[in-house]
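To keep things clear, I will list the structure first and then write my remarks on it.
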Amino acid sequence: MNDVQTAITVGVGDLKITQAPNELKTLLGSCIGVVLHDPINKIGGLLHVMLPKNNSNDLKITKYADTGLPFFIYQMVTHAGASRGALYAKIFGGAKMFETNGLFNIGESNEIEVRRILKEEGIRVVSAKTGGTKGYNILCDTETGEVTCRIFGEAIVIY
């Protein structure tokens, strides 16, 4: 077993899954970062959701909550060896980064779709930090499942 900790960066619309002692990190604005963690097998994953629904038949399914989140759960259980019954979620981001004069709030829409799918899949959300108007920097510890969250210009908080 590898005891060297590595911080793996997850890009926009991307998905990464790893085992302890590795960490997963990303930057978020209106996107939602979905962390799934299996505390028994010490497996963690991070999905960087860009949009709520794939209405364009885009082949990069991990950019979208409706296609990426079911795929993420499948990958965690089938390929990474996570126990489905042990999985829980933490969600971050969904900021309103741009003023749209009351029109479509992409961050809020992303969060609504992510929560709907997690509920449908029977995966509980144990903590969340969403909304606001500033970007997020998150770092997930796959050993403990703790997520360090820093909203730009604010103090660091652990979830």
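The table for this structure:
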{"item": "Number of positions in region 88-115 that are under 14 Å from the mean Cα position of the chain (by Cα) and surrounded by fewer than 16 Cβ atoms within 10 Å (Cβ to Cβ)", "result": "1"}
{"item": "Residues satisfying the stated conditions in region 24-44, i.e. touching a Ser or Thr at 6+ places or on another chain (Cβ under 8 Å) and crowded, with 21+ Cβ neighbours inside 10 Å", "result": "Leu24, Thr26, Ile32, Gly33, His37, Asp38, Ile43, Gly44"}
{"item": "Lone unmet requirement of (1) touching a residue at least 60 places away in the same chain (Cβ under 8 Å); (2) under 12 Å from Ser30 (Cβ atoms) for Ile112", "result": "(2)"}
{"item": "Tally of residues being under 25 Å from Cys140 (Cβ atoms), of a type in the set (S, T, N, Q) and without any contact (Cβ under 8 Å) to a residue 24 or more places away in the chain across region 42-68", "result": "2"}
{"item": "Qualifying position, being closer than 22 Å to Ser30 by Cα and part of a strand (DSSP E or B), among Ala95, Ala89", "result": "Ala89"}
{"item": "Residue tally, condition surrounded by fewer than 23 Cβ atoms within 10 Å (Cβ to Cβ) and in contact with a Gly (Cβ under 8 Å, 6 or more places away or on another chain), over region 73-87", "result": "2"}
{"item": "Condition met for Ala7 (closer than 21 Å to Ile158 by Cβ and surrounded by fewer than 21 Cβ atoms within 10 Å (Cβ to Cβ))", "result": "yes"}
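Readers should treat all values here as calculations from the given coordinates under stated rules, not as data from a laboratory. Since the model is a prediction, treat every value here as computed from it, not as a measurement. Glycine also receives a Cβ, built like all others from the backbone with ideal geometry; neighbour counts cover every protein chain displayed.
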